[in-house]
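J.: Below: one structure in structure tokens.
The values are calculated or read from the model by the stated rules, or taken from the named source; none is laboratory data. Note that the coordinates shown come from a computational prediction; the quantities given were computed from them, not determined experimentally. With ideal geometry, Cβ positions are generated from the backbone for all residues, glycine too; neighbour counts draw on all protein chains shown. With ligands, DNA and RNA removed, areas are computed over all heavy atoms of the protein, side chains included. Shrake-Rupley method; radii C 1.70, N 1.55, O 1.52, S 1.80 Å.
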Amino acid sequence: MAERLRHLVGIRDLEAEAIQHLYALADQFYEVLQQPTRKVAALVGRTIGLLFFESSSRTRISFELAAKRLGADVVSFSAAGSSLEKGESLLDTAKNLLAMGLDACVVRHSVVGTAHFLAHHLPIPVINAGDGTHEHPTQALLDTYTLRRHFGGLAGLTLTIVGDILHSRVALSHLLLAPKVGLRIRLCAPPSLIPPLWYGLGYPIYHRLAPALRGAEAVLVLRLQRERMKVAPIASWQEYSRFYQVRPEHLQPNQVLLHPGPINWGVELHPAVKDFSGVQILSQVTHGVAVRMAVLYALLGG
Ligand code: ASP
Ligand code: CP
């Protein structure tokens, strides 16, 4: 039995056994979501705070639905319109919400380490919903859960990650998750979109799309994260698309295509891939609710 989770700040802190436990819980919650009521009274009486200091569509709604499907109450905090605008600090904000009775908080912030900081200072479980360019652990869990459901397992599969790896917290969470589940990772991007230190980690790095995708069971395409680019790391968006945009002719019939969203159609993905049989992008979103139910239950249930 895996040791009980206290927080989910990053994949770095999850043992292989804990990951398998989360997948198994997600399987059970996925079944709950297929039932007419789609609910289970596992966290009745618990209150979960969603603290989003950076924009989100999927992750925020997915955590809210996951909490509600488990019978918990949810309170949502947005930076805009809050007393942060009057100079209140992050920690004071969190402590005030805690004083109203939060049992756990889910946090997204543009600053690396925010979830870790809150986990250190708050006596409740903290879940990282994305901290800057660092980690997005539930995204890596739901991506791999999607592959696990599709292929029946993960060990020995090859996943090629293509795109803006430099600014992506999804990529780092995958890099940390892969060895714990036996997944093989390949990276593909222009040299300026690969973190320099990653060249020494032993993962195959490609600068051309075709060989990077050849023979891989799955492809995870990442968005160009313009909001995190202070100096443009590529000379021309058009040339990026010419050499790195994933188009139907790059994909092999049995491959699975993933993207965490939001998608810049026409930049990292050609709109025609919507018709490719291996597209699992909306399945990722569906599975995200079950995976987040699993995470909330692992932290607060029982
Ligand atoms: N939504 C994901 C994230 O917040 C990926 C992205 O924004 O491109 O990291
Ligand atoms: N995949 C993801 O994190 O999407 P959002 O940024 O919309 O939450």
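J.: Cross-link candidates for Lys95: which lysines have Cα within less than 27 Å, leaving aside residues fewer than 8 places away along the same chain?
T.: Partners found: Lys68, Lys86.
J.: Going by average Cβ neighbours within 10 Å, how do the peptides 127-137, 21-31, 225-235 rank, with the highest at the top?
T.: Those peptides, ordered most packed to least, come out 127-137, 21-31, 225-235.
J.: Mind jotting down the distance between the C-alpha centroids of the stretch 134-179 and the stretch 247-302, whole Å?
T.: When both Cα centres are located, 11 Å separates them.
J.: Check cross-link reach from Lys39 to the aspartates and glutamates: straight Cα distance under 18 Å, and skip same-chain residues fewer than eight apart.
T.: Answer for Lys39, where 18 Å is the Cα cut-off: Asp27, Glu31, Glu64, Asp73, listed by chain and number.
J.: How would Val279, Val289 rank on accessible area, largest to smallest, probe 1.4 Å?
T.: So the residues, ranked largest to smallest area, are Val279, Val289.
J.: Which of the lysines could a cross-linker bridge to Lys180, judged by Cα under 23 Å and excluding same-chain residues fewer than eight apart?
T.: none
J.: Still on this model: How much length is gained if the chain between Val32 and Ile263 is pulled fully straight, taking 0.36 nm per residue apart and subtracting their Cα-Cα distance, in nm to one decimal?
T.: 80.2 nm
J.: Based solely on its DSSP helices, what 222 nm [θ] is calculated for the chain when runs of n ≥ 4 H residues each add -39,500 (n - 2.57) and the sum is averaged over all residues, nearest 500 deg cm²/dmol?
T.: -11500 deg cm²/dmol
J.: Label points 7 Å out from Cα along the Cβ direction at Glu88 and His150: separation in nm?
T.: Going from the Glu88 label point to the His150 one covers 4.3 nm.
J.: To continue, here is another question. If each of Gln20 and Ser283 carries a label point 7 Å out from its Cα toward its Cβ, how far apart are those two points in nm?
T.: That separation, rounded to one decimal, is 2.3 nm.
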